[in-house]
Amino acid sequence: MEKTYAAYTAKILSIMPEIKQILENGKSGMSVEQKSGVGNIVTSVDKQLEEYISKNLSLLFPNALIISEESADDMKVSKTDGLKFVVDPLDGTTNFTNGWPHAVAIGMIDGKELISGVIYDVLEGKVYTGIKGVGVTECDIDDIKTQKKVITPAYN
């Protein structure tokens, strides 16, 4: 099954270069809205990334449930079987608006078990993957296919 998880993760990696473009182009004309709570904001870039990621995950995994930060309140997440994605399209929105470290995070769950995660560290230009039974890898966003092992032990 680990090969399947790695293949699923490779599909997620295929959408990362466009995510980079959205982030690079997003600051010009960006709008910022206040959500509930102090300092809790959402930008037009959050929404654009969420739309792009959700649309593409739906195309790559048509039967999967996608739970994303900005639209999670509208979704019924009680489904426990099958493939699910948990997406934070812009982790560190306040940081993003100030040019500080921020990331894009996508977690993959099979049934009730976390099987893979992809983190794009935007300022460093690095993408990290963690896959159950495989371990953790790192690659540059501009060379997404050349992955190097960061941590050799795989968790089970």
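Please specify each residue of segment 127-138 satisfying the condition of being touching a residue at least 60 places away in the same chain (Cβ under 8 Å) and either assigned to a loop (DSSP other than H, G, I, E, B) or not aliphatic (A, V, I, L, M) (or both). Before you say what the answer is, go through the steps one by one.
Pass one, segment 127-138, residues touching a residue at least 60 places away in the same chain (Cβ under 8 Å): 127, 129, 131-134.
Those that are touching a residue at least 60 places away in the same chain (Cβ under 8 Å) and either assigned to a loop (DSSP other than H, G, I, E, B) or not aliphatic (A, V, I, L, M) (or both): Thr129, Lys132, Gly133, Val134.
For Thr97, which of the numbered conditions (1) modelled with pLDDT of 90 or more; (2) closer than 20 Å to Leu123 by Cβ fails to hold?
(1)
Any chance segment 103-126 includes a residue that's part of a strand (DSSP E or B), open to solvent by 30 Å² or more (accessible area, probe 1.4 Å) and within 12 Å of Thr9 (Cα to Cα)? Working first, answer last.
To start, the set of residues in segment 103-126 that are part of a strand (DSSP E or B) comprises 103-110, 113-121, 126.
Imposing the further condition that a residue be open to solvent by 30 Å² or more (accessible area, probe 1.4 Å) reduces the set to 109-110, 113-114, 119, 121, 126.
Still in the running and within 12 Å of Thr9 (Cα to Cα): 109, 119.
Among the residues of segment 103-126, at least one is part of a strand (DSSP E or B), open to solvent by 30 Å² or more (accessible area, probe 1.4 Å) and within 12 Å of Thr9 (Cα to Cα), which makes the answer yes.
Could you check segment 47-69 and list, in sequence order, the residues that are in contact with a Ser or Thr (Cβ under 9 Å, 6 or more places away or on another chain) and polar (S, T, N, Q)?
Answer for segment 47-69, where residues must be in contact with a Ser or Thr (Cβ under 9 Å, 6 or more places away or on another chain) and polar (S, T, N, Q): Ser54, Asn56, Ser68.
Tell me, which residue of segment 1-29 that is aliphatic (A, V, I, L, M), farther than 15 Å from Pro89 by Cα and in contact (Cβ under 8 Å) with a residue 40 or more places away in the chain is least open to solvent (accessible area, probe 1.4 Å)?
Among them, the one singled out is Ala6.
The values are calculated or read from the model by the stated rules, or taken from the named source; none is laboratory data. The model shown is predicted, which means the values in this text are computed figures rather than measured ones. Glycine gets a Cβ as well: all are built from the backbone with ideal geometry, and neighbour counts include every protein chain shown. Just the protein is used for accessible areas: all its heavy atoms, side chains included, with ligands, DNA and RNA removed. Shrake-Rupley method; radii C 1.70, N 1.55, O 1.52, S 1.80 Å.
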